[in-house]
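Written out below as structure tokens is the structure these notes cover.
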């Protein structure tokens, strides 16, 4: 026999067949596949979470732009209320003066500016009381559960409530007027004398 170099194989020697089903290799392969599946699932969940985060961040950014001025608008609402009260309390004699016309124009301009920003009044009188839109401050005679009187106008900015309407809600007692009596609404409509 001839001496062989190290690492050389003898063609006469037969290789032992590798068992096709080595339990240790199969176990390792199964564990590796399971880890790969787990990593893939984790990556997919992370990707979905990131997409959700981006969508929410974009939505928050848009809302921030829409509602950024809400504190300023909320601070201007009492000014608008004061203008309305001033205009409503004018006597016919004062209503004809030029400077009063100027006050009305300012009030109208302020109202239109707020409307352009998305501010709108909340309808109250005659509506069914809704605690999301109205703040009940008293019960008065009138149809049960209906807003009978508006004490302070409420406003919304787009779909968000800036200030609820302060209202008087009917308690179910019927309002019966005597033929000689004037209702409160008739008294309010009557022009004030100077």
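The set of residues in the stretch 56-69 being more than 12 Å from the chain's Cα centre (by Cα) and in contact (Cβ under 8 Å) with a residue 40 or more places away in the chain consists of 69 alone.
Quick check on my filter: what residues within the stretch 72-81 are touching a helix residue (DSSP H, G or I) at 6+ places or on another chain (Cβ under 9 Å) and surrounded by fewer than 14 Cβ atoms within 10 Å (Cβ to Cβ)?
Let us first name the residues in the stretch 72-81 that are touching a helix residue (DSSP H, G or I) at 6+ places or on another chain (Cβ under 9 Å), namely 73, 76-77, 79-80.
Once the filter is applied, which keeps residues that are touching a helix residue (DSSP H, G or I) at 6+ places or on another chain (Cβ under 9 Å) and surrounded by fewer than 14 Cβ atoms within 10 Å (Cβ to Cβ), the stretch 72-81 yields only 79.
From 147, 125, grab the single residue that is in a loop (DSSP other than H, G, I, E, B) and under 30 Å from the mean Cα position of the chain (by Cα). Step through it out loud before you land on a result.
Working: 147 fails: in a loop (DSSP other than H, G, I, E, B).
Checking each option against the conditions leaves just 125.
Is it the case that the stretch 129-138 has a residue that's assigned to a helix (DSSP H, G or I) and exposed (fewer than 12 other Cβ atoms within 10 Å of the Cβ)?
Our first condition is that a residue be assigned to a helix (DSSP H, G or I); within the stretch 129-138, this holds for none.
No, because not a single residue in the stretch 129-138 is assigned to a helix (DSSP H, G or I) and exposed (fewer than 12 other Cβ atoms within 10 Å of the Cβ).
The single condition among (1) in the same structural domain as residue 79 (by TED's automatic domain parsing); (2) at pLDDT 85 or above that residue 94 does not meet is (2).
Name the residue, out of 51, 47, 71, that is modelled with pLDDT under 85 and part of a helix (DSSP H, G or I). Step through it out loud before you land on a result.
Working: 51 fails: modelled with pLDDT under 85; 47 fails: modelled with pLDDT under 85.
Only one candidate passes the filter, namely 71.
The values are calculated or read from the model by the stated rules, or taken from the named source; none is laboratory data. It should be emphasised that the depicted structure is a prediction, and the values quoted were computed from it without experimental measurement. Note that each Cβ is placed from the backbone with ideal geometry, even for glycine, and that neighbours are counted across all protein chains shown.
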